[in-house]
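Trainee: Dumping the structure here so I can ask a few things about it.
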Amino acid sequence: MSAFYALLFTVAFLVLILGLVKKIIQYSRVPAPLKIPVTPAPLTKGGVAIRLAKEAILFAALFRSNKWTWLFGWLFHMSLFVVLLNHLRFFIKDVPLPLVLLQNVGEYAAFTMFIGLAGLFARRLFVARVKYISAPSDYLWLILLMFIAFTGIVMRFISHTDIIAVKEFCLGLVSFNWQSLPTDVPLMVHLFLVCVLMILLPFSKLLHIPGLFFAPSRNQVDNPREKRHVANWALDLDAEKNKTQPK
Ligand code: HEM
Ligand code: HEM
């Protein structure tokens, strides 16, 4: 069983990383022929960096758009962030003090993550407009994440797993020295679903993670008058024309 999980984790991690790299390369090559920053937009590159940070950390555009979706969405994402930071303790031998201190907050993060997901799920079920455009995968992602959070909460509060052994397993994974894993059901389910998440992520709407930073409506500087905007492929065409046509 341990060997199966070690193999599954290795495969899932490779799919996740290679899939993300492939997508990021693809995104970076897509031409943006038009200047389309949503205004009011920043006038400098520094301003764009601040705008993107505000989007990634505060979900600024979603806040302006819908307060309930923002509330549950932001709650879920921030809690997930804390939960994932807390999980670093499984992969770092000597856990640094800030991460140790974060452990206490982490307990509640699991619950706020679940509440956020439940709110987003209810939105898809009960808001008619949203229900109309929801695909099965929209529900399935939320259910998958709720199950991961639920099995995590079970392990932390109800039926404990041997986290020392889990840590050894995780450290073994990163150093290619596979160790055995406890076989209690919540842990098996938790880890299996985490692998499903990693394998599907590069082929799904969860690509919004890198995608946000490539959105031309958010990452462009609002300077169309000061600087003529030419897409990369059009620049290449210009160069070709200049080569073949005598001036
Ligand atoms: C840079 C990191 C991330 C940012 C900035 C971000 C941002 C967002 C935003 C703004 C939405 C709301 C979309 C809308 O309804 O208008 C969203 C939805 C969603 N995000 Fe993220 N996200 C990030 C990372 C993640 C990660 C790591 C996961 C899970 C592993 C995730 C899972 C989801 C899911 C499942 C939804 C859909 C919720 C629904 O049913 O409406 N996100 N994200
Ligand atoms: C490398 C992969 C992972 C491993 C080995 C792992 C293992 C564990 C273990 C052993 C616990 C119980 C902690 C305790 O008893 O103190 C736990 C809890 C939890 N896990 Fe994971 N997990 C992984 C990935 C994830 C991911 C990707 C998510 C979220 C999408 C997640 C969400 C949670 C939550 C919400 C809890 C309960 C609260 C907490 O202890 O932080 N886990 N996990």
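Trainee: Run down I133, I143, I164, I92 and say which single residue is within 12 Å of ligand 2 (Cβ to nearest atom) and surrounded by fewer than 18 Cβ atoms within 10 Å (Cβ to Cβ). So that I can check it myself, show each step before the final result.
Mentor: Details: I133 fails: within 12 Å of ligand 2 (Cβ to nearest atom); I143 fails: within 12 Å of ligand 2 (Cβ to nearest atom); I92 fails: within 12 Å of ligand 2 (Cβ to nearest atom).
Step by step, each of I133, I143, I164, I92 is checked, and only I164 is within 12 Å of ligand 2 (Cβ to nearest atom) and surrounded by fewer than 18 Cβ atoms within 10 Å (Cβ to Cβ).
Trainee: Has the range 100-108 got any residue that is within 15 Å of ligand 2 (Cβ to nearest atom), buried (at least 16 other Cβ atoms within 10 Å of the Cβ) and assigned to a helix (DSSP H, G or I)?
Mentor: Yes: the range 100-108 contains one or more residues that are within 15 Å of ligand 2 (Cβ to nearest atom), buried (at least 16 other Cβ atoms within 10 Å of the Cβ) and assigned to a helix (DSSP H, G or I).
Trainee: Another question about this same structure. What pairs can you find where one residue is in the range 120-131 and farther than 19 Å from L144 by Cα, the other is away from ligand 2 (no atom under 16 Å from the Cβ), and their Cβ atoms are less than 7 Å apart, with a gap of 6+ or different chains?
Mentor: Going by the 7 Å Cβ cut-off, the qualifying pairs are V130/R123; V130/R124.
Trainee: What is the one condition in (1) within 14 Å of ligand 2 (Cβ to nearest atom); (2) closer than 26 Å to F214 by Cβ; (3) free of Cβ contacts under 8 Å to residues at least 60 places away in the same chain; (4) not β-branched (V, I, T) that G73 does not satisfy?
Mentor: Answer for G73: the failing condition is (1).
Trainee: Could you list, in sequence order, the residues of the range 11-43 that are more than 15 Å from A215 (Cα to Cα) and either of a type in the set (D, E, K, R) or at pLDDT below 95 (or both)? Before the answer, list the steps.
Mentor: To start, the set of residues in the range 11-43 that are more than 15 Å from A215 (Cα to Cα) comprises 11-22, 40, 43.
Across the range 11-43, the qualifying residues are K22, P40.
Trainee: How many residues are surrounded by 13 or more Cβ atoms within 10 Å (Cβ to Cβ), more than 18 Å from the chain's Cα centre (by Cα) and farther than 23 Å from L145 by Cβ when one looks only at the range 50-89?
Mentor: Qualifying residue count, the range 50-89: 1.
Trainee: Among the residues in the range 77-90, are any touching an Asp or Glu at 6+ places or on another chain (Cβ under 8 Å) and either of a type in the set (A, V, I, L, M) or at pLDDT below 95 (or both)? Step through it out loud before you land on a result.
Mentor: Taking the range 77-90 as the starting set, the residues that turn out to be touching an Asp or Glu at 6+ places or on another chain (Cβ under 8 Å) are none.
The answer is no; no qualifying residue exists.
Trainee: In the set S204, S159, S217, which member is within 15 Å of ligand 2 (Cβ to nearest atom), within 22 Å of S28 (Cα to Cα) and in contact (Cβ under 8 Å) with a residue 24 or more places away in the chain? Show your work before the answer.
Mentor: Values: S159 fails: within 22 Å of S28 (Cα to Cα); S217 fails: within 15 Å of ligand 2 (Cβ to nearest atom).
Testing whether each residue is within 15 Å of ligand 2 (Cβ to nearest atom), within 22 Å of S28 (Cα to Cα) and in contact (Cβ under 8 Å) with a residue 24 or more places away in the chain leaves just S204.
Trainee: If you go through the range 198-241, how many residues are in a helix (DSSP H, G or I) and closer than 29 Å to F9 by Cβ?
Mentor: As a first pass, look at the range 198-241 and keep what is in a helix (DSSP H, G or I): 198-203, 205-214, 216-219, 232-241.
Next, from what is left, pick out any that are closer than 29 Å to F9 by Cβ: 198-203, 205-214.
The total comes to 16.
Trainee: To continue, here is another question. Any idea which residue in the range 180-194 is surrounded by the most Cβ atoms within 10 Å (Cβ to Cβ), counting only those that are assigned to a loop (DSSP other than H, G, I, E, B) and within 12 Å of ligand 2 (Cβ to nearest atom)? It would help to see each step written out before you state the result.
Mentor: Within the range 180-194, the subset assigned to a loop (DSSP other than H, G, I, E, B) is 180-184.
Right, trim to within 12 Å of ligand 2 (Cβ to nearest atom) and you get 181-182, 184.
Numbers: L181: 25, P182: 17, D184: 15.
Ranking the qualifying residues of the range 180-194, first place goes to L181.
The values are calculated or read from the model by the stated rules, or taken from the named source; none is laboratory data. A quick note: this is a predicted structure, and the numbers were derived from the prediction, not measured. Glycine also receives a Cβ, built like all others from the backbone with ideal geometry; neighbour counts cover every protein chain displayed.
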